[in-house]
Each structure stands twice: as C-alpha cells, then as structure tokens.
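Here, each number is a calculation from the coordinates, and none is a lab measurement. Not measured: the values here are computed from a predicted model. Glycine also receives a Cβ, built like all others from the backbone with ideal geometry; neighbour counts cover every protein chain displayed.
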Amino acid sequence: MLTHPTLDQLRALRLEGMIEALEEQRRDPNIADLDFEQRLALLVQRQWLWKSNRALAARLQQAQLKVPATLEDIDYRHPRGLKRAQIEQLRVNDWIGQRRTCLITGPTGCGKTYLGCALGHQACRDGHRTLYYHAPKLFRDLQMAQADGSLARRLKQWARITLLIIDDLGMAATGTKPYRELLEIIDDRLGKGSVLITSQFPVGQWHELVGDATVADALMDRLVHQAYRIELKGESMRKARAADDRSHGPPSDSESHA
C-alpha cells in the first residue's frame, strides 16, 4: 500500500505524472498481471508525458501565437498556390536547425497568418522557443524600448528565441528608423535563430517599404538569402468561405477563421 510519506516525497520531487499513474494502478484490478518492470515503465512513461505536455504548454504560452493553428488543419483545397510538399519540408524543422528564414507572402485573406502560426506551433512541439509579433506592435515596442532605455535588454531577450515570427510586415507606414532596429534584431539572430516573416507585399517590393536603400539592401541580404519562400496567390479565403457559408452552412476547417 502506498503511504502518504511516499506521496509527499514524490510531490517534493515534482513527479506529478508518476503520482497520477500510481493512483490509477492502485485502482486497476488487473494491474497485478504486470510485473514490476512493466509497472515501473508505465510510471516513467506517464511522468515523461506529463513533463513534455507542461513544457509544450509553457512554450505555447510564451509564443503568444495569434491563432491556435496546426499544420494538420491546413486547407490545401483552396486554389492559392500552396503545395503540400512545401509544408511537409518545413514540418521537420530542419530550416530552424539550420537557422534559416521563411518568407510567406500573398494577398490579404490568403492564410499567411495561419500558416505562420501553424509553423510556430510545430516549432513549439519540437522544443523550440518561439515568439509571435504582429509587425506594427513589434515596431511600437521597439520605439518604446528605445525611449525608455530597455532596447538592449529586449534585443538580448529576442536573441534567445529560436524562432521569431513577424506577421504582416509592411502593414503600417513606419518610416526608416524601425527598419534599422529590425535590422539590428536580424543581425543579432544570425547563426543563432530563425525568422519567419509574412507580408502582403511581394519580396520584390520590400525595398519600397524600407525607404532607405542601404538599410533595405542589408535587410534583404540577411533575410532573402537561402530563405524558404511561400508565395500565395488567389482570392481571399475569408471571402470565398463567406460565400460558401451562405450556401452550405458554417465551415468545418479551422483555417477559414484565420
């Protein structure tokens, strides 16, 4: 019979998963059919799963992804030029291990944010520290950090993130200064972490967004070289789904809401 002191010791060791599994074994009338090593293996497996789930939950909370997207829920039926082979290549996260960049471009409503968050979710699953930023908010935070003297500390924090997601680059007019600070962020990440950027503007137009040719050239050199590129096309998925909803009822695919 398991004693209370043993339970207290397991709690002190933070082996909550093992405690749950032990309690289940005590309630299972067939547990005696398993030998000691089999029962121990079940306890260890539960503790490993419990710890893994807690770690994933913590990474997802830190990531602050805009939508709860997953690669499994991506809709390949909509004609937007998205290829399953592209996503499967990115799923294994070799590009993150290689500290490479992923650029997702396309018109409004084609699912860029969803794809970015889905790749971010997969990165969290695979143990990578991830952080999502809507580009206008990132630039506002950079401006505030510059004003209150915390920019160096912020840059140091962001440098420790394995995958930094910047969504909707070019969404708001910002001038050249924020892009200089963005260049500093990218510089800090070279060889240390990956960046995923989404934008409704084609990469060929990014020079115009930055405004300063020198800063634009430096950013393009760091972001575009050896980057994975997903270039989406076609009509807005939201518009197409809204028309479909009126005809057939609510959609079943979660990506339609992103």
Sorted from largest down, what three extents in whole angstroms do the Cα atoms of the range 110-184 have along their principal axes? 35, 29, 16
Translational D (Stokes-Einstein, µm²/s) of the range 168-214 at 4 °C and 1.567 mPa s when Rh comes from the Kirkwood sum over C-alpha pairs? 112
If you only keep lysine pairs separated by 8 or more in sequence, or across chains, how many in the chain come under 15 Å at the Cα atoms? 8
Between R140 and S52, what length comes free when the chain is fully extended (0.36 nm per residue of separation minus the Cα-Cα distance, one decimal in nm)? 28.2 nm
Round to a whole angstrom and tell me the spacing of the C-alpha centers of the range 67-120 and the range 150-209. 18
Compute the FRET efficiency between Q157 and R99 as 1/(1 + (r/R0)^6), taking r as their Cβ-Cβ distance and R0 = 22 Å, and round to the nearest 0.05. 0.80
In nanometres, what is the gap between the two model label sites at D33 and Q226, each 7 Å from Cα along Cα-to-Cβ? 5.5
Using θ = phi - 60° and the Karplus form 6.51 cos²θ - 1.76 cosθ + 1.60, what ³J(HN,Hα) does each residue of the range 51-67 get, whole Hz, x for Gly and Pro? 5, 5, 5, 5, 5, 5, 4, 5, 5, 5, 5, 5, 5, 6, 4, 5, 10
Cleavage-rule hits, trypsin sites (Lys or Arg not before Pro), the range 131-217, DSSP coil, Cβ neighbours within 10 Å at most 13: R160, K192
What is the spin-label model distance, in nm, from Q86 to L13 if the labels are put 7 Å beyond Cα along the C-beta direction? 4.9
Here are labelled values, [x] 192; [y] 181; [z] 128, and one is the computed volume of the Cα convex hull per residue in Å³ for what I pasted. Which one? [x]
Integer Hz, Karplus 6.51/-1.76/1.60 couplings in order for the range 210-226, x for Gly and Pro: 6, x, 8, 4, 5, 5, 4, 4, 5, 5, 4, 4, 7, 8, 8, 4, 6
